[in-house]
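The structure appears right after this line, and notes come after that.
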Amino acid sequence: MEPEMEDKTLELMNTSVMENDDLSPKKTTVFKISNGTVTGSRKRPSEGNYEKEKDVCIQLFDQWSEADQVEFVEHLISRMCHYQHGHINSYLKPMLQRDFITALPAQGLDHIAENILSFLDARSLCSAELVCKEWQRVISEGMLWKKLIERMVRTDPLWKGLSERHQWEKYLFKNRTTEVPPNSYYHSLYPKIIQDIETIEANWRCGRHNLQRIQCRSENSKGVYCLQYDDDKIISGLRDNSIKIWDKQTLECLKILTGHTGSVLCLQYDERVIVTGSSDSTVRVWDVNSGEVLNTLIHHNEAVLHLRFCNGLMVTCSKDRSIAVWDMASPTDISLRRVLVGHRAAVNVVDFDDKYIVSASGDRTIKVWSTSTCEFVRTLNGHKRGIACLQYRDRLVVSGSSDNTIRLWDIECGACLRVLEGHEELVRCIRFDNKRIVSGAYDGKIKVWDLQAALDPRAPASTLCLRTLVEHSGRVFRLQFDEFQIISSSHDDTILIWDFLNIAGVQSGDCTASLCLGGRGRMDEPPEDPLPHLSLSFVLSLTSHPTPSQPWTMFSLPPYTPSPDTCFCWF
C-alpha cells in the first residue's frame, strides 16, 4: 500500500468537508496526535457527507492486498479509544466463532468431528447432543456412547469386570462393519452401568453380600494358609501339606496336589505354573494344568514363609531370616541370583516391583532393597511388634502387625502416613487397591477401610473403617479381593467367598439387608474370638508423623491387579 494513499484515506476520515454542520445530526470523532494517545474530539459532519467519505475510503481499501488491509486496520484501531475497542470487540466476537462440529462434516471431515467429541465425559456428551441436530447426528453416527463405554472398560477394572459379568462386553470393541447395536443402545446402557456401580459401592459400605462357603475337609491338621483365585478356579495351600484346586462356580474340588512334606504356607500361580513354599523348607514348581512337579528348589534352611514372582524374577523369604532372589528363565531353569540378609528375625513377607523389593520381619522392621542391584536402601521403623503382612505398590506400603495395627508408609521417604486401629489381635493378611484396604486378623474379623480417607490427614480416625465382616470361626490367615468380592481362608478350615455383586432383592441405599443375606457386615464389633492372642515382647518407639508439607496426596494409584500373599508368620 502506497504511503500517500494511506495518508489520503486517513485524511478523509479525519477531516470535515461540510461547512453547515449545525443543520444535521452531529457525531463525535476521536482523533490521535503523534504519540498514539487520544487527546481531543470534534463534531462529525452530517450523515450525507459521511456516506460519501466512507465510500471513498472503501474504494481505496478494496484496492489493497489482504496484508495491506490488515496493516491499515491496525493503524485505524490504534487511533481509537477504549470504549470504541469494546464496541469492535463485541462486533468481532460472533464473527470469530465457528461451529466446527457442523462445519467439519460439510468438508468431508466427519472423522475429525467425531474424534473431538469422543474426548467428552458422559455429562458433556449429553449436553452436546442437545446443541443441534447436526451435533446429535455426529454423536449417533460416530457411536460415541459406545466409544465412551469402551474407554471406561479399558481404564477402569470395575467397568471391565461388569462388562464380563453382565455379558455386554460382546457388544464392545467391534468395528462398524460388524453387526452391533445402534448408538441408542449404548446411550441407555450407560446409566444402567452407573446404577450398577452405585449399588456395588453401597454394598461395600453397608456390608451387604452373598456368602458362599467351601469346607476344605482336611484329613489331619486343619487350616488354609494361602490362596489365589481367578474367574474359574481357587487354588489353596493347606496345613495338611496339600494343594487343593477348586472350581469357582460349583465350589467342587477339582484336583489335589501332594508332594510337600510340610504345611503349604505360600503360593502363587500364573497361566503356566504354580509355585509353592512350605514348612519343609522347599519351593516347588508345578504345572498348572497337569499338576506335575516340574522343579524343586532347595535353598532355605527353615520354612519358606512367602514368595512372589513376576517377569522372570522370583523372591522368597524364610524363617531362616534370609531373602533369596531368583532368576526364572523357565519353570525348569531357575537359578539363585542373590541372598539378602539384614533382618534379625524370620522374614514373614516380601513384595516387589521393578524398583524395590520390600520385606517385613518379626524384628518389627520393613526393609527396602533395590530390585536391580539387590542393595539395601532403607528401613521403615514404627511397628511395636513383629510384622506379619504387607503389600507394596507405587509409593505406598501397607503393613499389618502383631501390635494389632495397620500402617501406611511412603516408601520413598520412609514416613508413616497413617496408623489404622481396630483389630483386637495380630493383623495376619492385608490387601489394597485404589479405593480400599481389606485386612484379616487373628480375631477372626475382616475389616474394610477407606484408603483415600486414610491418606487424608484431615479425615477423623472414626471414619476410616467402613465395615467389619464376621463369618470365620477361627483366625483369618489369607484374603484376596477385587471390585466385586473378597475370598478369605481361615484356621477354621474354610474358604469364604463374599460376593458384593450378585445380591438379589436389595435396593441401592438399603443398608439393613446384610443380615438376611448371610453376611454379618456391621459397624459394631462381634464377640471376641476364642483363639488366644499371640503375645510378643518386642517394643519399639514410633516414628514421628510426617509434617504438613509432605506430599500426602501424591498417591495416584493405578488399576489394581490382585497378587498372591501368604499369611503364615513367625516372630
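The values are calculated or read from the model by the stated rules, or taken from the named source; none is laboratory data. All of these numbers come straight from a predicted model, not from anything done at the bench. Quick reminder, even Gly has a Cβ in these numbers, built from the backbone with ideal geometry, and neighbours come from all protein chains shown. Just the protein is used for accessible areas: all its heavy atoms, side chains included, with ligands, DNA and RNA removed. Shrake-Rupley method; radii C 1.70, N 1.55, O 1.52, S 1.80 Å.
Would you mind estimating how fast segment 172-216 diffuses translationally, via Stokes-Einstein at 25 °C and 0.890 mPa s with the Kirkwood radius over Cα pairs, in µm²/s? Mind dumping the intermediate values first?
Numbers: Rh = 13.8 Å.
After rounding, the answer is 178 µm²/s.
Amide H contacts of ASN434 (H built 1.01 Å from N, in plane; Pro and chain starts excluded): TYR560 sit under 5 Å, all sequence-distant by 5 or more or on other chains. Summary of packing: across the peptides 348-356, 287-295, the per-residue average of other C-beta atoms within 10 Å ranks them, highest first, as 348-356, 287-295.
So for segment 313-398, considering every pair of alpha-carbon atoms, how many percent are separated by more than 23 Å? It would help to have the intermediate numbers written out before the result.
Working: 637 of 3655 pairs.
Tail fraction, whole percent: 17.
Packing, as the average of other Cβ atoms within 10 Å across residues, places the peptides 373-385, 107-119 in the order 373-385, 107-119, highest first.
To the nearest 20 debye, what charge dipole does segment 359-494 have about its Cα centre, counting +1 at the Cβ of each Lys and Arg and -1 at the Cβ of each Asp and Glu?
Values: 19 positive and 18 negative charges, 51 e Å.
For this selection, approximately 240 debye.
Residue ranges 168-175, 84-91 sort as 168-175, 84-91 when ordered by packing (mean number of other C-beta atoms within 10 Å per residue, highest first). Let me test this: with uniform point scatterers at the alpha carbons of segment 133-229, what is the Debye-based log₁₀ I(q)/I(0) at q = 0.11, 0.13, 0.21, 0.25 1/Å? Taken in order of the listed q values, log10 I(q)/I(0) reads -0.51, -0.63, -1.10, -1.34. Both numbers refer to the Cα atoms of segment 99-168; Rg and Dmax are 13.7, 43 Å.
Taking a straight Cα-Cα cut-off under 18 Å and skipping sequence neighbours fewer than 8 places away in the same chain, the lysines within cross-link reach of LYS384 are LYS367. In the structure shown, the pairs LYS355/LYS447; LYS160/LYS248; LYS160/LYS192; LYS319/LYS447; LYS222/LYS248; LYS170/LYS192 are assessed against 24 Å; a Cα-Cα span above that value is assigned to LYS355/LYS447; LYS319/LYS447.
Each of HIS82, GLN97, LEU117 was scored by the projection of its Cα onto the charge dipole of segment 40-148, and the greatest displacement toward the positive side belongs to HIS82; charges sit on the C-beta of Lys, Arg, Asp and Glu.
Note down the Stokes-Einstein diffusion coefficient of segment 235-316 in µm²/s, whole number, using a Kirkwood radius over alpha carbon pairs, 10 °C, and 1.306 mPa s. Rounded to a whole number, D works out at 124 µm²/s.
Within a Cβ distance under 10 Å of GLU169, other residues only, what is the Lys/Arg minus Asp/Glu net charge? That sum, taken over residues with Cβ under 10 Å, equals +1.
Accessible area per residue for segment 59-133 in Å², computed with a 1.4 Å probe and the full protein assembly in place, what is it? Mind showing how you got there, number by number?
Working: 5530 Å² over 75 residues.
Ligands and nucleic acids excluded, the figure is 74 Å² per residue.
Where Lys and Arg each count +1 and Asp and Glu each count -1, what net charge lies around ALA453 among other residues with Cβ under 11 Å from its Cβ?
Details: positive: ARG418, LYS435, ARG436, ARG458; negative: ASP450, ASP456.
Neighbourhood net charge equals +2.
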